[in-house]
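One structure is given here, and the rest of the page talks about it.
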Amino acid sequence: MSKRLVLFPLPLQGHQTPMLQLANILHSKGFKISIIHTHFNAPNPNNHPFFRFHPIPKTLLDSKASIADVIGLLNELNEKCVGPFREVLAQIVSEIGGVACLISDAMWHFTQGVADEFMLPRLVLRTSNPSSFVAFVYMSVFRDKGYLSSKGDRLERLIPELPPLKMKDIPILGTCDLEATYELVRDMIEKTKASRGVIFNSFEELEGPALATLRQDLQIPVFAIGPFHKQARPFSSSLLAHERDCISWLDCHAPKSVLYISFGSIASVDEADFVEIAWGLANSKQPFLWAIRPGLVRGSDGPAPLPNGFLETIAKQGRIVMWAPQDEVLSHPAIGGFLTHSGWNSTLESICEGVPMLCLPCFGDQMVNARYVSDVWKVGLRFENGLKREDIEMATKRIMVEKEGIEMRHILAYLKQKASLSIAAGGSSFTSLEGLVSHIFSF
Ligand code: UDP
């Protein structure tokens, strides 16, 4: 009888998509799949006819279910979901049976305790990358050394323990409630260490050094089996509707001529920065496709407060959508650059399509991802000091039309090939996935 895996995604776009992709990959290896999920941002079962879905009773007041305060939301979910999750897991274990293990998001730290009660092995999926996870593992060191109180010029200094990261790249710096964020990170790391292994959506050739550090520091098996989206069967896990007509607009553009701009599903910018980005794009004269989702501009959840005269100015140059089919956009021949908030899914999707990045990280792991894109992999530029329209204009030209962009594309072509090879028979991710399957069979 084939074994059943119980997966529990965090109900945020950038976490749910890779968990469902992982579910598809493991299903293709012969496992039966049960997905436990919250009502908040529930996945659509119709897109996954081979999986069983198990909603947990409504645990959050609608007023609390907001992504505007992500740390508050994550703490609330970790507190409120314990009882209901335990009940649903008990039902699956006793009524369906054959459960080999639980695979839950690293941020669902409470699930380690519940898994222990059932004597069920737990594997962790960390939906961000190994390099930023190293920074999270070091967070208690940063705290003891006083790095978390860095201000002013000190923010530009290198972190001696983790170059080329700078103090300003510390993933929790600048969060409204530093202590609450620190505790969440501490719990995530402790409960990951207590698990039976951690899975990453990355590959050895891209992040070998970080993976080696984690294998040494965590002392649990570490599996790098990405990129997931190049292995999972295609399905939609989008929480917002994709505006697909932008693809025919892209069809009318020359190869590598369009800059794509998106800040993912959670990040937000001040209105003043939003205005600078808008005019910087217009002044670059480069064609662009901009995904402006509701809530992108802090304090506004209605239509985007585009500056006066902007739409008229860019009528022939730009296209604005609320939510783009990003995978399709990035793989379109017309795309030549990506202005991104540096979420991990976006970063990996861009690397896999060979698209150079302009990084405007907002918080958390995005800070580390952006540093790696610019200083380690050298496949993009990071905006370092504030945001002026001239910087956006110049940086756009640097990656779209100047020599720097061409050099980045060469490196990206190499990384793209390494990503494909890693998931082919005998490749690093292929082999790591085989190791993961054997590991699960050993429980
Ligand atoms: N995405 C999309 N359309 C958009 C913007 C984003 O489909 O207009 C997808 C994108 O392809 C990625 C995910 O949303 O898979 C965002 O994840 P990421 O980790 O980049 O950022 P987060 O939203 O978690 O901050």
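The values are calculated or read from the model by the stated rules, or taken from the named source; none is laboratory data. Note that the structure is predicted; figures quoted are calculated from it, not measured. Note: areas computed on protein heavy atoms with side chains; ligands, DNA, RNA excluded. Shrake-Rupley method; radii C 1.70, N 1.55, O 1.52, S 1.80 Å.
Tell me, in nm to one decimal, what length is gained between residue 390 and residue 178 on full extension, where the rule is 0.36 nm per residue of separation less the Cα-Cα distance?
Result: 73.1 nm gained on full extension.
What value in Å³ per residue do you get for the convex hull of the alpha-carbon atoms in segment 25-155? If you can, show how the numbers build up before the last one.
Values: hull volume 21.3 nm³, N = 131.
Each residue corresponds to 162 Å³ of Cα convex hull volume.
For the chain, what percent of Cα pairs sit more than 33 Å apart? Show your work: numbers first, answer last.
Values: 32785 of 97903 pairs.
Percentage above 33 Å: 33.
Would segment 319-435 count as rounded, prolate or oblate if I go by the C-alpha gyration tensor, calling it rounded below 1.5 in a/c and otherwise prolate when a/b exceeds b/c, oblate otherwise? Write down the numbers at each step before the final one.
Values: a/c = 1.71, a/b = 1.65, b/c = 1.04.
Since a/c reaches 1.5 and a/b is larger than b/c, the shape of segment 319-435 is classed as prolate.
Could you state the accessible area per residue of segment 292-358 in Å², with a 1.4 Å probe and every protein chain left in place? Don't skip to the end; give the middle numbers.
On the way: 2430 Å² over 67 residues.
It amounts to 36 Å² per residue over segment 292-358.
Given a 10 angstrom Cα cut-off, can you work out which residue in 400, 119, 188 is the most mobile in a GNM of the chain?
Ranking 400, 119, 188 by mean-square fluctuation puts 119 first.
Over the chain, what percent of the accessible surface lies on carbon and sulfur atoms, probe 1.4 Å?
Carbon and sulfur together cover 53 percent of it.
Does segment 161-211 come out rounded, prolate or oblate, given a ≥ b ≥ c as the square roots of the eigenvalues of its C-alpha gyration tensor, rounded meaning a/c under 1.5 and, failing that, prolate meaning a/b above b/c?
oblate
What 222 nm value per residue comes from the helices of the chain, counting each DSSP H run with n ≥ 4 as -39,500 (n - 2.57) and dividing by all residues, nearest 500 deg cm²/dmol?
-12500 deg cm²/dmol
With a ≥ b ≥ c the root eigenvalues of the C-alpha gyration tensor of segment 185-278, is it rounded (a/c under 1.5), prolate (a/b larger than b/c) or oblate?
Since a/c reaches 1.5 and a/b is larger than b/c, the shape of segment 185-278 is classed as prolate.
Report relative contact order for the chain in percent, whole number only (criteria: Cα-Cα under 8 Å, sequence separation at least 6).
Relative contact order here is 16 percent.
Taking springs between alpha-carbon atoms closer than 10 angstrom, which of 130, 160, 287 fluctuates most in the Gaussian network model of the chain?
Sorting by GNM fluctuation, first place goes to 160.
Could you do me a favour and compute the accessible area per residue for segment 383-443, 1.4 Å probe, result in Å²?
55
Given the Cα atoms of segment 329-392, and with Rh set as the inverse mean 1/r over their pairs in the Kirkwood sense, what is Rg to Rh to two decimals?
0.95
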